[in-house]
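Single-structure report; data block below.
Quick note: the coordinates plus some simple rules give every number you see, no bench work behind them. Remember, it's a predicted structure, so these values are computed and weren't measured experimentally. Positions of Cβ are backbone-derived with ideal geometry, glycine not excepted, and every protein chain shown enters the neighbour counts.
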Amino acid sequence: MDRRKSIKSIILGSVAGGLAVHGCKPEAESKEIANGIVADENYFGRTPKEAAFIEELNAKQFLSEHEMETIEVLSNLILPPNEKFGGPSDAGVVEFIEFMAKDIPELQATLRGGLMWLDHKSNTDFGTEFKITPEEQQKQLLDTIAYYDAEIPMSKHPLEIQFFNLMRNLTVTGYYTSKVGIEDLGYKGNMPNIWDGVPEDVLEQHGVAYEEEWLAKCIDQSTRADIAEWDDQGNLLT
């Protein structure tokens, strides 16, 4: 199993476990949020307060152009693109990392310090900044920080190892939570179970039977992923 397949297996295994834990809010605050949602005609899955915060973050810029270019090179080394679905660049991973750095300021020192370390190490060893160093030498450099003793808490490791561990997590998360990454996983989302109707012996026991018209509409496995539609009179169309 190659690296990409290994990562996909890990991601698929974690999907079933859920991705977030939601805290409880006081009743008064919940009502206030609900009222705000009703009043906002452009509500898109965020409360007005959350939407304003996201807009504020998007208006800021943390990473420099050079840092973003370096992250793009690094993320494509961590998760190499494939011909069918592309890679981190196609999934907007660089923009995702930029956003996360603003959303979680605690990440900023590790990200910026790690990028500085990469360029310093690359210049020292190869005479060029990391993003333009030949790929073989880039990988050679990364091999020195990609593997670490898991028995030691991450906070006790040198900055460069903390940086690469963070970059690896952000790259994989950014890619596999994007449209491109979901398609790469082949994840189809929830699907209805196969149901063939009430068993024949139970129908006979109660002296009832399905009408052929309803059998054609309701017991057709080829359409089980279709969303049902009704007309204005409540008649089932699909």
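Structure above, values below:
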| read-out | value |
| --- | --- |
| Phi-based couplings in Hz for the range 101-106 (Karplus 6.51, -1.76, 1.60; Gly and Pro marked x) | 5, 7, 6, 10, x, 4 |
| Protection-proxy order for peptides 79-86, 143-150, 225-232, each taking the mean of Cβ atoms within 10 Å per residue, highest first | 79-86, 143-150, 225-232 |
| Gyration tensor verdict on the range 60-185 (Cα atoms; rounded if a/c is under 1.5, prolate if a/b is larger than b/c, oblate otherwise) | rounded |
| Sequence-separation-based contact order of the range 60-185, relative, with Cα cut under 8 Å and 6+ spacing, percent | 34 percent |
| Phi to ³J(HN,Hα) by Karplus 6.51 cos²θ - 1.76 cosθ + 1.60 over the range 134-144, Hz, x for Gly, Pro | x, 4, 4, 6, 4, 5, 4, 5, 5, 4, 7 |
